[in-house]
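Okay, so here's the structure we're looking at.
The values are calculated or read from the model by the stated rules, or taken from the named source; none is laboratory data. Small disclaimer: the values here were computed from a predicted structure and weren't measured. Cβ placement follows ideal geometry from the backbone for every residue including glycine, while neighbour counts extend to all protein chains displayed.
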Amino acid sequence: MGLFGQDRRNTVVATTDTHFAAPSFATLEEWKVRREALRKQVQSAAGLLPFPARNPLNAQVFGRIENKDYSIEKVYIETLPGFYLAGNLYRPLGKKGPFPGMLAPHGHAQYGRLEDGELFSVPSRGINHARQGYVVFAYDMIGYNDTMQLPHVFGNTPQEQLWSFGPLGLQTWNSIRALDFLESLPDVDPKKLLVTGESGGGTQTFLLCAIDERPKWSSPVNMISLIMQGGSPCENAPSLRVGTNNVEIAALMAPRPMLMVSATGDWTKNTLKEEYPAMKKIYELYDAGAQVETVQIDAPHNYNKASREAVYKFFGKQVLGDGDATKFGEKRIRVEKLQDMMVFAGRALPANALDQAGLFAQWVAAAKKQVTDRETLQVALGTSWPAKVEARVSGTVVELSRAGQGDLVKGTYVKGKGGAVLQVGGTAKADGRTVLTIEPFPGTARDREVRYFLTFNRSDDANRVQDIVTAVAWLRQSGERDITVVGTGKAAVWATFAAAVLPEAVTLEAPLGSFRGTDQDFIDSMFVPGIQRAGGLQAALRLLTAR
């Protein structure tokens, strides 16, 4: 078992159904440090670090339906070259603008943004919000209604994962571009943007607010939970929740006003005693505890009338400045025919619309043009420079562990003079220098078949890179300044990336042999989701050369 016990990375495998502990921070400064790191983690997992270039939206708005106090229009925008997001725009009639602009992402109901049932009705909230004085853009999840160039489930192949090409990232980018669209409308006040959605749309709500400061108010409905983190690939990109959970991610909204809506009959049933108190404590670090509110509805998973009315009242008070709750009861709506709401009914996609293969090729080509830095690569790898490495030495046997992490690096250690050699696997030359030989993370006993394993757990190879970083940190901590890192075979690849993200230079002896940084090379020798999106081998070599 070893001096430190077992490696926690082998024994604790988090999943979407893990009951996570509530996050807690002693000071605002502590939270701000965590906030910045977490924001980058979310952005990286989404494949949006750095953000892609913003192409012209080429927005098309047409097919206007007018009723007494609101209108509905069809919309499509080009969120990436050749990729089209569709939806409906609900606008007030008989009121003077500019109006607050609202995004309305939807959950996994059968009819998506056109679902109109007892538990979920996007048209009901779109129409009622428009009547109250908002311009509302209700837009599709990928693979729903009119947004059908990609299926809802994709991004599961190792190659796609290397480039962070998946539904979570593309949907989040769609939300960012949807905000761009709302901002561009002459009847929208760009300083008053807000977002609310349920279930998978609730996930979209807090992911958008996590990496985009423009939404000033939000209400994620029936999704902020410590006992279930999301059931769809559009909510579970690799690396998204390593060491974190939806409560902490949603807290990136703080101190902007937020209403947490929960239900007694789903995974938000504990909100009043677990998730909301944890969220409120983070808001209180900003002296803004009153800016986060909660309401729980006695119902199964939903965004039903009672939930919608709670949101109407919250936004009425916060956004419209009207605290009279009696004004925000839901009014009945006229349900339009589906074909009158569909964007591409009887209309072809634009001629440049790409299929899945074309979109992936374009995603890769665009990523290759972006210049990434050391932090981008470090975030994709998930490495950190330890503030303290704990060590136990017995004869020549050494075990290392990052303080508070529960990881374990085993090796042998012989003290010498004239510098130090970190040998990753293999045998070091006996030349009188200090020699630390480690066998990086073996990855034994991990259950990799659990659902969304990579969303919550680092890949074996990412852990191996971290172990090399940890070993270098311990040598530095032990007083060594002249350090040579030696690796051969696959260990040479791990050592190259470790050296690239280290905060200080080391001498690197790691011949890469046939490893050229192709997708297949990474799949065979160093599989880390997002590593190619972060610049891959060329980024690592560039960073090493620039030292």
Open item on the list: So, in the stretch 499-547, exactly how many residues are within 15 Å of Val465 (Cα to Cα) and loosely packed, with under 14 Cβ neighbours inside 10 Å?
Closed with: 1
- [ ] Evaluate the stretch 60-79: report whether one residue or more is under 30 Å from Gly536 (Cα atoms) and at pLDDT 95 or above.
- [x] yes
Open item on the list: Can you name every one of the helices (runs of 4 or more DSSP H) wholly within the stretch 442-502 that holds 2 or more residues which are more than 30 Å from the chain's Cα centre (by Cα)?
Closed with: 460-477
- [ ] For the stretch 113-143, enumerate the residues that are outside any helix (DSSP H, G or I), surrounded by 21 or more Cβ atoms within 10 Å (Cβ to Cβ) and not charged (D, E, K, R).
- [x] Phe120, Ser121, Tyr134, Val135, Val136, Phe137, Ala138, Tyr139, Met141, Ile142
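With the condition kept exactly as written, say whether any residue in the stretch 151-167 is without any contact (Cβ under 8 Å) to a residue 60 or more places away in the chain and either touching an Asp or Glu at 6+ places or on another chain (Cβ under 6 Å) or aliphatic (A, V, I, L, M) (or both).
Looking only at the stretch 151-167, we keep the residues that are without any contact (Cβ under 8 Å) to a residue 60 or more places away in the chain, and these are 157.
Cutting the leftovers down to either touching an Asp or Glu at 6+ places or on another chain (Cβ under 6 Å) or aliphatic (A, V, I, L, M) (or both) gives us none.
No, the stretch 151-167 contains no residue that is without any contact (Cβ under 8 Å) to a residue 60 or more places away in the chain and either touching an Asp or Glu at 6+ places or on another chain (Cβ under 6 Å) or aliphatic (A, V, I, L, M) (or both).
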Open item on the list: Take Leu354 and tell me if it is surrounded by 20 or more Cβ atoms within 10 Å (Cβ to Cβ), in the same structural domain as Met258 (by TED's automatic domain parsing) and closer than 30 Å to Gly536 by Cβ.
Closed with: no
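From the list Glu73, Glu78, which one is closer than 30 Å to Asp373 by Cα, among the acidic types (Asp, Glu) and in contact (Cβ under 8 Å) with a residue 12 or more places away in the chain? Please lay out each step first, then the result.
On the way: Glu73 fails: closer than 30 Å to Asp373 by Cα.
Going through Glu73, Glu78 in turn, just one is closer than 30 Å to Asp373 by Cα, among the acidic types (Asp, Glu) and in contact (Cβ under 8 Å) with a residue 12 or more places away in the chain: Glu78.
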Open item on the list: Just to be sure before I move on: is Val188 within 21 Å of Phe315 (Cβ to Cβ), surrounded by fewer than 24 Cβ atoms within 10 Å (Cβ to Cβ), at pLDDT 95 or above and in the same structural domain as Glu336 (by TED's automatic domain parsing) in the structure I sent?
Closed with: yes
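Here's the yes/no breakdown for (1) within 20 Å of Ala26 (Cβ to Cβ); (2) buried (at least 20 other Cβ atoms within 10 Å of the Cβ); (3) not hydrophobic (A, V, I, L, M, F, W, C):
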position: Ser219; (1), (2), (3): no, yes, yes
position: Met223; (1), (2), (3): no, yes, no
position: Leu240; (1), (2), (3): no, yes, no
position: Val261; (1), (2), (3): no, yes, no
position: Glu275; (1), (2), (3): yes, yes, yes
position: Lys281; (1), (2), (3): yes, no, yes
position: Glu284; (1), (2), (3): yes, no, yes
Open item on the list: Can you say whether Gly243 is within 19 Å of Ala299 (Cα to Cα) and small (Gly, Ala, Ser), as far as the supplied structure shows?
Closed with: no
Open item on the list: outside any strand (DSSP E or B), out of contact with any Ser or Thr (no Cβ under 8 Å at 6 or more places or on another chain), more than 17 Å from Val195 (Cα to Cα) and hydrophobic (A, V, I, L, M, F, W, C): is that true of Ala237 in this structure?
Closed with: no
